[in-house]
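K.L.:
Encoded as structure tokens, here's the structure I'll be asking about.
Taken together, the values in this text are just the output of simple stated rules run on the coordinates, not laboratory data. Every value quoted in this text rests on a predicted model; they were computed, and no experiment measured them. Here the Cβ positions follow ideal geometry from the backbone for every residue, glycine too, while neighbour counts run over all protein chains shown.
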Amino acid sequence: MAKRSIFLTGFPGFIARRLVREFLVRAPGSDLTFLVVDSFAGQARREAEALRTLPEAKGSRMDVVVGDITRARLGLDEAAWRDVLARTTDVIHLAAIYDLHVHEDVAVRVNIEGTRNVLELCRNAQALRSFVHFSTCYVAGKRTGTILEDELIPGAGFKNHYESTKFESERLVREAMGSVPTIIIRPGITVGDSRTGETQKFDGPYFAMGLIDKLKLLQVPLPYLGDLAAEVNLVPVDYVASGTAAIWAKGGTTGKCYAMADPHPVTARTVYAEFVRLLGARGPWGQIPPELLDVPLRLLAVRKLLGVPREVFDYFSHDAHFDTRNAVAALEGTGVSCPRFLDYLPNLVSFFQANKHRPEYLWKPF
């Protein structure tokens, strides 16, 4: 593979750090430019220094550029903008607001306008070979049934502003596909590393772990919380990173969308029961109906006490199946496949138990 010059947003986030290492494995010696906001510049420089020690980074140029995706020309001055346009062969867009509670105006500014500004870079980069845009499986919103990778269908509504703005940002990216060589990546609910359990924060399914961990102190069999009959698509961060890099490096993969989701998801009921077992709680036995669960969680005091946001249960009852045929076909022959959730779940739980009291992992309700 000819030398690549990769421009990446979202560094030094958890997925971005993993992704950069995988890209270097697939394309050793690639140059890297990290666009970061000023508050993350110090951390980004330290992470870049660590990357320079990797054997596959030999010969790599690594630049940390302070900017902002919400501003025109990404907040870069004229000289920096022209330099980026001249050198960049690949753009990787990870920066976004992932908070399910995000206010609409913030989500619009970052997720939609930010993507619009990154697309301006892609359209003007003189040697662009690929644009990798990170979307989400949950652009499906409230749609049910099978969700195909090649479709983006409006009209069913959304559970929150995160979903609606990621839908709109993917729509912008798809509109530009005729002139921009694009790979759209749609991860499922991303959890920790399948081998070590390591993650950056305890959200999503980790809220359920925390809730069970508290309720087990009651020494009574815990009931199932809500319906839990739907699939829940959990995917480890190492698969998202290695799979994305493999698809990018394979060639002939632009112009499509790839769901980096579990091809064999388990039901939320199974996930919950395994959490109960692995965390040493009793049960599960019986069931609390969804409507009885929702009412108390509307109260901030209850959410603080239990350490769980109300919105998380929407993702354990969303009756949708995310088709992964594009991703599975593209990964054939690359050595990358999605591990089975129940095989690596003990590693996730072990990491949670070892780190559940660390303040940086704790959810801060509002």
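K.L.:
Going down the list LYS159/LYS214; LYS304/LYS356; LYS3/LYS250, which pairs span over 20 Å between their C-alpha atoms?
P.N.:
Values: LYS159/LYS214 27 Å; LYS304/LYS356 16 Å; LYS3/LYS250 15 Å.
Violating the 20 Å Cα-Cα cut-off are LYS159/LYS214.
K.L.:
OK, next. Would you mind ranking ILE15, ILE153 by Cβ crowding within 10 Å, fewest neighbours first?
P.N.:
Ranking ILE15, ILE153 by Cβ neighbours within 10 Å, fewest first, gives ILE153, ILE15.
K.L.:
Assuming a ≥ b ≥ c are the square roots of the Cα gyration tensor eigenvalues, decide whether the range 209-260 counts as rounded (a/c under 1.5), prolate (otherwise, with a/b larger than b/c) or oblate.
P.N.:
prolate
K.L.:
Same structure again: Specify the angular offset, from 0 to 90 degrees and rounded to the nearest 10, of the alpha carbon long axis of helix 161-175 from the longest principal axis of the alpha carbons in the chain.
P.N.:
30
K.L.:
Could you tell me, in Å, what Rg and Dmax come out for the Cα atoms of the chain?
P.N.:
In order Rg, Dmax, the Cα atoms of the chain give 20.7, 65 Å.
K.L.:
Scaled to the compact-protein estimate 2.2 N^0.38 Å, what is the alpha-carbon radius of gyration of the range 85-129, rounded to two decimal places?
P.N.:
Relative to the rule-of-thumb radius for its length, the range 85-129 sits at 1.37.
K.L.:
Further question on the same structure: Angle, helix 268-278 long axis vs. longest principal axis of the chain, Cα atoms, 0 to 90°, nearest 10?
P.N.:
Relative to the chain, helix 268-278 is tipped by roughly 70 degrees.
K.L.:
Kirkwood Rh over alpha-carbon pairs of the range 227-366, then Stokes-Einstein at 4 °C and 1.567 mPa s: what D in µm² s⁻¹, rounded to an integer?
P.N.:
The estimated diffusion coefficient comes to 74 µm²/s.
K.L.:
Sorted by packing (mean other beta-carbon atoms within 10 Å per residue), highest first, where do 282-291, 309-318 land?
P.N.:
309-318, 282-291
K.L.:
List the trypsin sites (Lys or Arg not before Pro) within the range 76-113 that fall in a DSSP loop (any state other than H, G, I, E or B) and whose Cβ has at most 14 other Cβ atoms within 10 Å.
P.N.:
Here no trypsin sites (Lys or Arg not before Pro) fit, given the DSSP loop and packing criteria.
K.L.:
Could you order peptides 112-118, 324-330, 58-64, 241-247 by the average number of other Cβ atoms within 10 Å of their residues, highest first?
P.N.:
Per-residue Cβ counts within 10 Å, averaged per peptide and sorted highest first, yield 241-247, 112-118, 324-330, 58-64.
K.L.:
How big is the C-alpha Rg of the range 144-275 next to the rule-of-thumb value 2.2 N^0.38 Å, as a ratio?
P.N.:
1.26
K.L.:
Taking every pair of alpha-carbon atoms in the range 7-70, give the share separated by more than 15 Å as a whole percent. Let's see the in-between values first.
P.N.:
On the way: 868 of 2016 pairs.
Result for the distance tail: 43 percent.
K.L.:
A follow-up question, please. Compute the angle between helix 41-52 and the longest alpha-carbon principal axis of the chain, please, reported from 0 to 90 degrees and rounded to the nearest 10.
P.N.:
The angle comes out at about 80 degrees.
K.L.:
Roughly how many nanometres apart are two label points built 7 Å out from the Cα toward the Cβ at LYS356 and ARG174?
P.N.:
Taking the two extended label points, one gets 4.1 nm.
K.L.:
Rounded, prolate or oblate: which fits the range 66-141, taking a ≥ b ≥ c as square roots of the Cα gyration tensor eigenvalues, rounded meaning a/c under 1.5, else prolate when a/b beats b/c?
P.N.:
Note, shape of the range 66-141 comes out oblate.
K.L.:
Largest first and in whole Å, give the semi-axes of the range 87-208's equivalent ellipsoid, each being the square root of 5 times a Cα gyration tensor eigenvalue.
P.N.:
Semi-axes, largest first: 25, 18, 15 Å.
K.L.:
Taking the alpha-carbon distance from LYS166 and a cut-off under 12 Å, which aspartates and glutamates remain once sequence neighbours fewer than 8 residues away in the same chain are dropped?
P.N.:
Correct list for LYS166: ASP99, GLU104, GLU113.
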